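Have a look at this one.
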Amino acid sequence: MKAIENKSTEKIYSKNLKLPNIDEKINIAVIGCGHWGPNHIRVFNSLSASKVIMAVDKDKKRLNLIRKTYPDVFYETDYKKALNNDDIDAVVVATPTSTHFKIVLEAIESGKHVLCEKPLCISKKEVEILDNISEKNNIILAVGYVFLFNNGILKLKELIRKKHLGTINYISMVRTNLGPIRSDVNVVHDLISHDISILNFLFETLPEYVLAAGGSFLQQSIEDIAFVSLFYSNGYIVNIRASWLDPCKVRQITVVGNKKMAVWDDLNHLGPITIYDKGVIREPYYTEYAEFIRLCIRDGDIKIPKIPFKEPLKSQNEYFLSCIRQNIKPINDVKFEEKVIKVIEAINESIKSNKKVDLR
């Protein structure tokens, strides 16, 4: 199985990986029809190369609601019906995180390719098991880190890679809303896993150490807020604030360079990226006794580059189909997930110990 090189990650999606023009569709089963499951049914059924032929959920009422929109799909309450169906080529796992490992493992053993919503598993050990067995069985296993397929994030990666912002000083990330509240994982696994996936994608390196704090206000021992600081070997610092318990939905990343600054705002209707030609310059000034340096604010133009919109979920699912057709290991594969989980485990350890945790 040929792997895609990380150095070309901003060019790996549908514009480079094209599906062959063939009549035979890839048959999909969607396991879990809560929040994300119906979106996968909609997207895969909208693509010419795939068709959802089965949807699975334990809740019959939920299935009956979806049936009104997609009457041609078979509906089951037992996911094993999908795994035992020879007509199904791939499954989407969109169930609670605590169930992912068991379902994905059985799906791989049944010969199905898998797209699993993030996070793939609770622990790095479980991820390693799935990595080994998917490799052994030549199965495409992708993790649904949908922001890797967000055109705004791809633009941000381009700005950083091409040094348009100069040397990065620090990054601030905010991911908040009032809910949805999980009971099987904390806010670190649920929300901050997105931010770690973005950071790993943008910089292709892990932090040296993390320092984190969290609070459990709604459920005992399940953090619903977290404040995380990540420290990298090249000197820049990343701060993340995440919460299920916030009055405002915010999805923002601020990147401060020594030349320019950029903000990614996923909810900005004018455009996801704003570039600020702002910064601090050092100016010499003289007295009769000596030469000094003073820091002066430089305030330039604000630009919103035109970034074409494409639904990230559609880009991700097209890419998944392309990887199946061409037998190409996806960029959002299990190796990528292992690195995300490594940072997530360090963050959770730091929260519990109230100490810095080293990743080196």
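Every number here is computed from the coordinates shown, using simple stated rules; none is lab data. Please read all numbers here as calculations on a predicted model, not as lab measurements. Please note: Cβ atoms are built from the backbone with ideal geometry, for glycine as well, and neighbour counts cover all protein chains shown.
Calculate how large, on average over all directions, the projected area of the Cα convex hull of segment 231-339 is; give the answer in nm² to one decimal.
Details: hull surface 49.8 nm².
If you wrap the Cα atoms of segment 231-339 in a convex hull and average its projections, you get 12.4 nm².
A further question follows. Over the Cα atoms of segment 119-176, compute the convex hull volume and normalise it per residue, giving Å³. Display every interim value, and only then the final one.
Details: hull volume 8.9 nm³, N = 58.
So the per-residue Cα hull volume is 154 Å³.
Rounded, prolate or oblate: which fits segment 44-96 when a ≥ b ≥ c are the square roots of the eigenvalues of the alpha-carbon gyration tensor, with rounded for a/c under 1.5 and prolate only if a/b beats b/c?
Values: a/c = 1.71, a/b = 1.12, b/c = 1.52.
Cα axes put segment 44-96 in the oblate bin.
What's the FRET efficiency of Ser172 with Thr77 using the Cβ-Cβ distance as r and R₀ = 30 Å, to the nearest 0.05? Intermediate results must be reported in sequence, preceding the final value.
Details: r = 44 Å, r/R0 = 1.47.
In this case the efficiency is close to 0.10.
While we're here: Just subtract the alpha-carbon distance of Ser98 and Phe231 from 0.36 nm times their residue separation and send over the number in nm, one decimal.
Values: separation 133, 0.36 × 133 = 47.88 nm, distance 2.95 nm.
Stretched out fully, the Ser98 to Phe231 stretch lengthens by 44.9 nm.
If R₀ is 25 angstrom, what is the calculated FRET efficiency for the pair His35 and Ala213, using the beta carbon separation as r and rounding to 0.05? Could you put the intermediate results ahead of the total?
Numbers: r = 28 Å, r/R0 = 1.12.
Computed FRET efficiency for His35 and Ala213: 0.35.
For the chain, find the longest principal axis of its Cα atoms and tell me its angle to the long axis of helix 60-69, 0 to 90°, nearest 10.
On a 0 to 90 degree scale, this one is about 80.
What list of ³J(HN,Hα) couplings, whole Hz, do you get for segment 312-321 from phi and the Karplus terms 6.51, -1.76, 1.60, once you set θ to phi - 60° and write x for glycine and proline?
x, 5, 5, 4, 4, 6, 4, 4, 4, 4
Modelled label-to-label distance, Val250 and Lys163, 7 Å Cα→beta-carbon offset: nm?
Placing both labels 7 Å beyond Cα along the Cβ direction yields 3.3 nm.
Return one number: the angle in degrees, 0 to 90 and rounded to the nearest 10, between the long axis of the Cα atoms of helix 37-46 and the longest principal axis of the Cα atoms of the chain.
80 degrees
Stokes-Einstein D for segment 27-163 at 4 °C, 1.567 mPa s, Kirkwood Rh over Cα pairs, in µm²/s? Walk me through the intermediate numbers first.
Working: Rh = 15.7 Å.
So the translational diffusion coefficient is about 82 µm²/s.
Something else now. How much length is gained on full extension from Glu283 to Ile133, taking 0.36 nm per residue of separation minus their Cα-Cα distance? Let's see the in-between values first.
Numbers: separation 150, 0.36 × 150 = 54.00 nm, distance 5.98 nm.
Residue separation times 0.36 nm, minus the Cα-Cα distance, leaves 48.0 nm.
Can you put Arg325, Arg282 in order, fewest other beta carbons within 10 Å first? Don't jump to the answer; show the numbers that get you there.
Numbers: Arg325 16, Arg282 8.
Fewest to most other Cβ atoms nearby, the residues stand as Arg282, Arg325.
Give the Rg/Rh ratio for segment 99-152, taking Rg as the radius of gyration of the Cα atoms and Rh as the Kirkwood radius, to two decimals. Show your work: numbers first, answer last.
Working: Rg = 11.5 Å, Rh = 11.5 Å.
Over the Cα atoms of segment 99-152, Rg/Rh equals 1.00.
Per 5 Å bin, what is the whole-percent P(r) computed from every C-alpha pair distance within segment 234-278?
So the P(r) values, bin by bin, are 5, 17, 23, 22, 19, 9, 4, 0.
Would you mind checking which residues have amide H under 5 Å from Val52's amide H? H placed 1.01 Å from N; only 5 or more apart, or other chain.
Here the answer is Ile28, Asn45, since their amide H atoms fall under 5 Å of that of Val52.
Could you point to the label whose value was computed as Rg/Rh (Cα atoms, Kirkwood Rh) for the structure here, given (1) 0.96; (2) 1.05; (3) 1.02?
Read-out from the structure maps to (3).
Then there's this: Under the rule of at least 5 residues apart or a separate chain, name every residue whose amide H is placed under 5 Å from the amide H of Asn169.
The answer is Val256, Gly257, Asn258.
Mind checking Rg over Rh on segment 53-133, alpha carbons, Kirkwood formula for Rh?
On the way: Rg = 13.3 Å, Rh = 13.4 Å.
Ratio value, two decimals: 0.99.
A further question on this structure: Cα axis of helix 100-109 to longest principal axis of the chain: angle in degrees, 0 to 90, nearest 10?
Between the helix axis and the principal axis of the chain, the angle is about 50 degrees.
At 10 °C and a viscosity of 1.306 mPa s, what translational diffusion coefficient does Stokes-Einstein give for segment 183-284, taking Rh as the Kirkwood radius over Cα pairs? Give it in µm²/s as a whole number.
Details: Rh = 15.6 Å.
Reported coefficient: 102 µm²/s.
Using θ = phi - 60° and the Karplus form 6.51 cos²θ - 1.76 cosθ + 1.60, what ³J(HN,Hα) does each residue of segment 188-201 get, whole Hz, x for Gly and Pro?
With coefficients 6.51, -1.76 and 1.60, one gets 5, 5, 6, 9, 5, 4, 4, 5, 5, 4, 5, 4, 5, 6 Hz.
Quick check: residue separation of Asp299 and Thr69 times 0.36 nm, minus the Cα distance between them. What number comes out in nm?
Working: separation 230, 0.36 × 230 = 82.80 nm, distance 5.19 nm.
77.6 nm is the gain from fully extending Asp299 to Thr69.
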